[in-house]
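The structure under discussion appears below in the form of structure tokens.
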Amino acid sequence: MGPPERFEVRRATVADADVTGRLLFDFNTEFESPTPSAEAFGSRFRDLLTRPDVVVLLAEGPEPVGFAYLTLRPTPYGIGPLAQLEELYVRPELRDQGIGTRLLIAALDAVRERDAIEMHINVDEVDVDTRRFYERHGFVNIEPGEDYRMLCYIRAL
């Protein structure tokens, strides 16, 4: 693959469901996370990509090299929705070339077009490189005026 200027970021369509599923599968297996198959993810993305509250972006050159998956949810705190960046992935051999930044900027632009009021991202505390990436782009884990970190709690259902 060439330098990042040879990569385009575009909105994914239902026709991209299998590719997006493969990228998510690759992401999960890279970090040894339990994961459904690439085919199962592709099937799920076929449904998700039809929803108005889901945005998926693909970075591609001659072939797809990364993606961003976002969801939008209503909130009483503003007229627009809250955006959640569910996943952002770039193939390992192409990292540190600006592709992740281009995906993140496109993701921010896409949710701003939907009048989103905030973008939330969950990052593992031990993932220092990822934390640094988001902090470099203006994300914080301490609310302005406070001196304590925000936390995300999860419970399986």
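General observations
- Count of segment 29-51 residues, restricted to those that are part of a helix (DSSP H, G or I), farther than 23 Å from Ile105 by Cα and out of contact with any Gly (no Cβ under 9 Å at 6 or more places or on another chain), is 3.
- Checking each residue in segment 101-157 for being of a type in the set (A, V, I, L, M, F, W, C) and part of a loop (DSSP other than H, G, I, E, B) picks out Ala116, Ile117, Val123, Val126, Phe139, Val140, Met150, Leu151, Cys152, Ile154, Ala156, Leu157.
- Taken as a whole, the structure places Leu85 among residues that are under 23 Å from Arg136 (Cα atoms), touching a His at 6+ places or on another chain (Cβ under 9 Å) and either crowded, with 16+ Cβ neighbours inside 10 Å or modelled with pLDDT of 95 or more (or both).
- Residue check, Arg155 more than 17 Å from Leu24 (Cβ to Cβ) and free of Cβ contacts under 8 Å to residues at least 24 places away in the same chain: yes
- Among the residues of this structure, Phe7 does not count as one that is modelled with pLDDT of 95 or more, surrounded by 15 or more Cβ atoms within 10 Å (Cβ to Cβ) and of a type in the set (Phe, Trp, Tyr).
- Of all the residues in segment 21-39, those that are in contact (Cβ under 8 Å) with a residue 12 or more places away in the chain and not hydroxyl-bearing (Ser, Thr, Tyr) number 10.
- Residue check, Val90 closer than 24 Å to Phe139 by Cα and either modelled with pLDDT under 95 or buried (at least 17 other Cβ atoms within 10 Å of the Cβ) (or both): yes
- Ala116 being touching a Gly at 6+ places or on another chain (Cβ under 7 Å), in contact (Cβ under 8 Å) with a residue 24 or more places away in the chain, among the small types (Gly, Ala, Ser) and over 17 Å from Asp16 (Cβ atoms): yes
- Of all residues in segment 120-129 being within 23 Å of Arg11 (Cα to Cα) and not aliphatic (A, V, I, L, M), the one that is surrounded by the fewest Cβ atoms within 10 Å (Cβ to Cβ): Asn122
- Residues that are exposed (fewer than 14 other Cβ atoms within 10 Å of the Cβ) and within 20 Å of Val65 (Cβ to Cβ) do not occur anywhere in segment 110-119.
- Which listed residue, of Gly66, Gly42, is crowded, with 19+ Cβ neighbours inside 10 Å, farther than 18 Å from Leu88 by Cβ, in contact (Cβ under 8 Å) with a residue 24 or more places away in the chain and not aliphatic (A, V, I, L, M): Gly42
The values are calculated or read from the model by the stated rules, or taken from the named source; none is laboratory data. If you're wondering where the values come from, they're calculated on a predicted model, not measured in any experiment. Cβ sites come from the backbone with ideal geometry, for glycine too, and all protein chains shown count toward neighbours.
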